[in-house]
Amino acid sequence: MSTDELIVSTPTARYPVVVAPGALAELPARLRDLEMRGALWLVSDTNVQRHYGAALERSLEQAGFAVRSHAVPGHEGSKDLATLSQLYDWMIGGGVERRDCVLALGGGVVGDLAGFAAASVLRGVAVVQLPTTLQAMVDAAVGGKTGVNHPLGKNLIGAFHQPRLVLADTDTLATLPPRELRAGWAEVVKHGVIRDAALFELLEAFVAAGQPAAQLPDVIRRGVAVKVRVVSNDEREDGERIILNYGHTLGHALESVAGYGALLHGEAVAIGMHAAARIALRLGLFSADDVERQRRLLAAFGLQTAFPAGVDSGALLAVALRDKKVQARRVRWVLPTHIGGVVVRDDVPPELVEAVIASEA
Ligand SMILES: NC(=O)c1ccc[n+]([C@@H]2O[C@H](COP(=O)([O-])OP(=O)(O)OC[C@H]3O[C@@H](n4cnc5c(N)ncnc54)[C@H](O)[C@@H]3O)[C@@H](O)[C@H]2O)c1
Ligand SMILES: [Zn+2]
């Protein structure tokens, strides 16, 4: 086992998460280790396929695998029932069998869509996640949540379906649009704040050094490790996994009020984290110094922390109150107590939240 490997271990699954430059070259050997003998159904999006699809397909074929490939448009709109249905047509029409394996090569859109196709076709075939965005590497590809959007809301249809392997090739980030990369850092900062002060310090040193490419794999692996630990402790999201929602209550609300696509998910989460930190400050949970430290790190990654001008705090709050993670009509706020630790509070007065949204700093 290489030092590059992390292990997710839950009551239903155990699988390696590899984060390394050039990791995709290991895929044929890794699939053989997993004793994958069936056909491989390679799903990507058109942007990712253009850069990495053909080479990956060739290397798998040279290793003796039968590969079919399919690319969906590279945007959130592909995470819908119509595109899912096209995947079913392609797989069932092509004679998919239970022993086959889906390869999800792309960002979170491809991971969620292909993951759910794998979870549901023939009542479930294996899936391997091959994330190519920072967001998918540190978040979406790990943990087994899969699904598609419904016209009435995001991620409303889906299943838990753990992958057999996650292989994150950090070299693929070289072609990722810079704005997507920046947005991905929000989730890495989040992992530092909720669970890992040493990761937070590593990120501070990484930006101070000008984000050297050579450090990227290690920094990302440390970020992924937090998700691996949290998911291993709480597979089905009825306990500790809620801490991953830090910054997401207002982040999700902002995404939907701003209109999906106006803000990238990570951009909204950065604003949500800064707001959550300020809520924690007002409740006497978190220090002004730590609010500023988090703000500075997010800013160093090029992330805004202020709410967009003219945002309607009432509308935002109303959406937040409808969030999926609300229990018995109370929002469960994940709030930091220090860099590296959070608490969950369901007694935050809505007026306090509104005041934070309305205030500048
Ligand atoms: N399952 C989970 O636990 C989980 C967690 C967080 C987010 N998500 C989901 O993830 C989705 C967002 O994923 P995302 O942020 O990765 O966005 P994405 O999948 O839309 O990818 C962003 C853009 O980058 C392009 N791209 C991807 N990799 C590239 C590369 N290496 N080079 C060039 N272009 C590349 C894509 O084509 C797309 O245009 C959302 O639907 C969200 O709900 C799921
Ligand atoms: Zn997120």
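General observations
- Beta bridges per DSSP with both ends in the stretch 1-104, % antiparallel, nearest 5: 35
- Of all accessible heavy-atom area on the chain, the percent that carbon and sulfur account for (1.4 Å): 51
- Loop-located GluC sites (Glu not before Pro) in the stretch 276-360 (DSSP state other than H, G, I, E, B) with a sparse environment of at most 16 neighbouring Cβ atoms within 10 Å: Glu360.
- Once divided by 2.2 N^0.38 Å, the Cα radius of gyration of the stretch 105-154 becomes 1.11.
- Helix 216-233 vs. the chain, principal-axis angle (Cα, 0 to 90°, nearest 10): 90
- Gyration tensor verdict on the stretch 23-104 (Cα atoms; rounded if a/c is under 1.5, prolate if a/b is larger than b/c, oblate otherwise): oblate
- Label-to-label distance for Leu156 and His75 is 2.2 nm, based on points extended 7 Å past Cα in the beta-carbon direction.
- Heavy atoms of the protein chains alone define the surface here; on that basis the stretch 207-356 has 42 Å² accessible area per residue at 1.4 Å probe size.
- Three semi-axes of the equivalent ellipsoid, the chain, Cα gyration tensor, whole Å, largest first: 35, 22, 18
- A dipole drawn for the chain from +1 and -1 charges on Cβ atoms has a positive end, and of Ile157, Ala299, Ala174 the residue lying farthest that way is Ile157.
- Derived scalar couplings between HN and Hα for the stretch 70-78 equal 8, 10, 9, x, x, 7, 3, x, 6 Hz in order, rounded to whole Hz, by the Karplus curve 6.51 cos²θ - 1.76 cosθ + 1.60 (θ = phi - 60°), x for Gly and Pro.
- The angle between the Cα long axis of helix 265-282 and the longest principal axis of the Cα atoms of the chain comes to about 30 degrees, rounded to the nearest 10.
- Bridge orientation summary for the chain: considering DSSP beta bridges with both residues in this region, about 40 percent are antiparallel.
- Mean separation of Cα contacts under 8 Å (6+ apart) over length of the stretch 19-127, as relative contact order %: 31
- Within the stretch 19-169, DSSP assigns beta bridges of which about 20% are antiparallel (rounded to the nearest 5).
- FRET efficiency estimate (nearest 0.05) - Cβ-Cβ, Thr175 to Ala300, R0 30 angstrom: 0.85
- The chain: angle of helix 197-208 to the longest principal axis, Cα-based, in degrees nearest 10: 90
- Each Lys and Arg adds +1 at its Cβ and each Asp and Glu adds -1 at its Cβ; summed about the Cα centre, the chain shows a dipole of about 520 debye.
The values are calculated or read from the model by the stated rules, or taken from the named source; none is laboratory data. Keep in mind that this is a model prediction, so the values were computed, not measured. Neighbour counts run over all protein chains shown; Cβ positions are idealised from the backbone, glycine included. Ligands, DNA and RNA are excluded from the accessible area calculation, which covers all protein heavy atoms including side chains. Shrake-Rupley method; radii C 1.70, N 1.55, O 1.52, S 1.80 Å.
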